Each structure stands twice: as structure tokens, then as C-alpha cells.
1. Out of (1) modelled with pLDDT of 95 or more; (2) open to solvent by 70 Å² or more (accessible area, probe 1.4 Å), the odd one out for T160 is which?
2. Do we find that F87 is within 30 Å of W182 (Cα to Cα), touching a Gly at 6+ places or on another chain (Cβ under 6 Å) and at pLDDT below 55 in this structure?
3. Scan I170, I155 and give me the residue that is touching a helix residue (DSSP H, G or I) at 6+ places or on another chain (Cβ under 9 Å), at pLDDT 95 or above and among the β-branched types (V, I, T).
4. Residue pairs, Cβ under 7 Å, 6 or more apart or interchain, first in segment 175-188 and in contact (Cβ under 8 Å) with a residue 60 or more places away in the chain, second part of a loop (DSSP other than H, G, I, E, B). List them.
5. Is it the case that some residue within segment 179-189 is within 30 Å of Y73 (Cα to Cα), modelled with pLDDT of 90 or more and open to solvent by 70 Å² or more (accessible area, probe 1.4 Å)?
6. Any idea how many residues of segment 114-123 are open to solvent by less than 10 Å² (accessible area, probe 1.4 Å) and more than 12 Å from I56 (Cα to Cα)?
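The values are calculated or read from the model by the stated rules, or taken from the named source; none is laboratory data. Everything quoted here is computed from the prediction, not taken from an experiment. Here the Cβ positions follow ideal geometry from the backbone for every residue, glycine too, while neighbour counts run over all protein chains shown. The protein model used for the area step is the full one, side chains on, heavy atoms only, and it has no ligands, DNA or RNA in it. Shrake-Rupley method; radii C 1.70, N 1.55, O 1.52, S 1.80 Å.
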Amino acid sequence: MMLLYKVIMKNKGKISILLASLIIVLIIWVSGCAVPRVKGKVVDENDKGIAGVFVIYGYEGSTYKVVDSDSYYRPGTIVRTDEKGFFEIPRTSHFHAPFLKTDLFLDIYVIYDPQTHCAGILPYNRWHRSAGLSVFKKEMWWFTYKIEGNLETLIFHDVTNNPIEWYNSIRQLHVPLEKYGWNSWDAPNEDKHAFLNHLLREYEEFQKQYGHKECLYREGIFVKSQFPVSYEEFKEMKSHNKTYEEYKEANDSFYKGKTWNEVLSYHKRILDDNIKRLFDASSE
């Protein structure tokens, strides 16, 4: 023991440096995270790459609190697919306050093709990561998602012949506008204007084609003739407090009894506030 004590005292300075180094490494390890690169592709029904598709993304984590938690963000941006339909979200690193915040995670707000009018996402938000791919595919049923090796592919088709699919795409286009201003993403004004102009065009063309027709969309559910759900599928969902008959009728739905024009007019009022924030320098 005496010999060990003498060795420690003789190398006290070196041991202190080693301990300090280990503590620094530990702090860096628990406070740093690396978000991996994502390579993707958007193709049409004939497996041909679609150029010029908008991909809007950001990063999100949680701040721990005694009772609850809040989200914090790091900006992403807009990237576009190349002439063969490929896009890439680069790898990034992030450091945060250890034990006070979680790591950052990639959150893809929308992938949108103006040619097919189709919009979707990759399964990278927190809900779909925890719920699993099968749930993601059920909720995002109007396009096809597949992964081959390290390449993630979305298969889009023209949704304008189906008002439910088209409306879901328009709703997905609202997500990045709702997120904007929380430090979640930013882009040159030229790119933001281009994206917004496409969204406004979607409204105009949708209303011209379907505006005066009855809206058959239901929040979280669909009219039986538009989106058949069998009794067996209904039982498997396990996330409802209605009977099967009530589920099909959806009498309490916001959408029931409205025309598409009435529904889109409501969304446009919300859209106006988001547009203002999109180009308000104070929010950037």
C-alpha cells in the first residue's frame, strides 16, 4: 500500500491531467450527437426520376423540464432533386447542454413534386420513428415508400384525380409553413417564394376542379366509399372510442356536410398568418 501511495504521489500531476481529460471526453460524449446523411430519390410510377422536387427539412430535440419537456430546433433548409430524381441531406454534428437536452433528430417536413401535385415525407419525425414503418405506410398511403441499401425512395403518382389524396398532399404542404419561425428551417427568399407559389396554385386548381363538390374527408378516417376500412382493420387500430358504425359516419367531424370550397377557405385563413411569418424578418 505504501508503495502504491508513493507512486500516486509521484505521478499526481499526470493522474490529474488524465482524470481531467477523461471528464472532458465524457462531457463531449454525452453532449454531442451526429445526425447521419440521408440519400433519397423521388420517382414516378414508371420508375423515372423526378427533377425539381422540393425537400424541406429541419432538426428537432427536446429540452428536459421537471414536469414536461419542450422542443428545440436547429435550422434545416430546402434542397431540390437533380435531373435523375436524387437528393441528399448532409450529415451534421451538434453539441447541446448535457443532461438538459436530448440529441437532435432529422425531421423532414415535406417532399413535394409540383408535377404530380403529390406531397409526402420520409419516416423521420418522432412519431413515425416510434410507431414503426407499417404505421407510417398506413398513414401515408397515397404514395409508396421503399428503402434499398442506403437509398430511400418515394414513388409518386398524379393525385389530382383523387380529391382525398390531393387534399392530403396540400395538408402536408402546410407543415413546413407551420414550423417556420421556430428556427426549424430557412432558405433564400427565392426558394420560399417558389414553394409558396406552388402551394397557392394547388389551392386554385383544386378548387376549380372540386370546390363545389361535397368534401368526403374525415379527420383520421374516411368515408367508406372513398377509403374502405373493414371491421377487422377497425379492431386492429385500437386507438378509437367509437363503435364501427360511428366510425364510418363520423357525425362529429369538422368536414361532414361541407363543400371542398368551405374546407379550403378555412385553411386559407390559417395560411395567411403563416405566409406573413415566412417573410417577416423578425421571425428569421
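1. The number of the failed condition is (2).
2. Considered against the rule, which asks whether it is within 30 Å of W182 (Cα to Cα), touching a Gly at 6+ places or on another chain (Cβ under 6 Å) and at pLDDT below 55, F87 comes out as no.
3. I170
4. Note: pairs meeting the criteria are N183/P75; S184/P75; W185/P75; W185/T77; D186/P75; D186/T77; D186/E284; A187/T77.
5. Yes, that holds for at least one residue.
6. Looking only at that region, the number is 1.
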